[in-house]
1. When the label point is put 7 Å from the Cα of A:I18 along its Cα-to-beta-carbon vector, which residues of the stretch A:38-64 have a backbone N closer than 18 Å?
2. 5 Å is the cut-off here: which amide hydrogens, built 1.01 Å from N in the peptide plane, fall below it relative to A:M48, excluding neighbours closer than 5 in sequence?
3. Once you wrap a convex hull around the alpha carbon atoms of the protein assembly as shown, what is its projected area averaged over all directions, in nm²?
4. Quick query: amide H of A:L11 versus all other amide H atoms, modeled in the peptide plane; which residues come in under 5 Å with a sequence gap of 5 or more or a different chain?
5. Tell me, what ³J(HN,Hα) does each residue in the stretch B:70-75 have, in order and in whole Hz, if you take phi through Karplus 6.51 cos²θ - 1.76 cosθ + 1.60 with θ = phi - 60° and put x for Gly and Pro?
6. Which residue, A:N95, A:N27, A:N55, tops the fluctuation ranking in a GNM of chain A built on C-alpha contacts under 10 Å?
7. Quick one: Cα convex hull volume of chain B, Å³ per residue?
8. Kirkwood Rh over Cα pairs of chain A into Stokes-Einstein at 10 °C, 1.306 mPa s: D in µm²/s?
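Just so it is clear, none of the values below were taken in a lab; they were calculated from the coordinates. Since the model is a prediction, treat every value here as computed from it, not as a measurement. Counting neighbours? That spans all protein chains shown, and the Cβs are built from the backbone with ideal geometry, glycine included.
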Amino acid sequence: QKEVEQDPGPLSVPEGAIVSLNCTYSNSAFQYFMWYRQYSRKGPELLMYTYSSGNKEDGRFTAQVDKSSKYISLFIRDSQPSDSATYLCAMGGSNDYKLSFGAGTTVTVRA
Amino acid sequence: GAVVSQHPSWVICKSGTSVKIECRSLDFQATTMFWYRQFPKQSLMLMATSNEGSKATYEQGVEKDKFLINHASLTLSTLTVTSAHPEDSSFYICSARPRTGFYGYTFGSGTRLTVV
């Protein structure tokens, strides 16, 4: 079993729809959680950072962390074709600075 | 803020030669930098962790003599692929952890290496 599970998709939605992405994990030591967006042949771009459980909102993006269920989510409201990319969840603990990544979900927003 | 610059964006080299990739934190000091390798349609694979002023820590299965990492200052880390072979062709990405005020890791834009 992988430490971080993420459905690779692909996920296709019409423009304006809500995109829902999620990851589950097994390591209870994870304390900080991130979502990245990666366009083809580019480095990952940090979208959201959350420490411990809770919700965080930034513009059209909402990140949720439920440590009791070991489950994190990212919601993208009013999706745009420019949101078409691969979305990676990443997480880490305080024991070392390494990140564990999900496999990435490929999202296509249709105009 | 929190910008990481990675150069070059792409490079083509001949088998047997060496290639150096630079990773710079432009507006913050990075005590720790990470080097990843990414294969098409796959997630990132950590190669090594470097701390300023000390030797890099390599992940299992990564040849330290082939992938030389130097972290000489709080803003610069380099990855040198020595005696490159076609199987070293890949997308290499660095990331940096800030010395203070951690709000997530910032990644460089990546380097596409093609060995011919």
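1. Only A:54-64 fall inside the zone, counting backbone N under 18 Å.
2. It is A:W35, by chain and number.
3. 12.5
4. A:T106, A:V107, A:T108
5. Working through the residues one at a time gives 10, 10, 6, 9, 6, 10 Hz.
6. A:N95
7. 96
8. Numbers: Rh = 14.0 Å.
For these conditions, the coefficient is 113 µm²/s.
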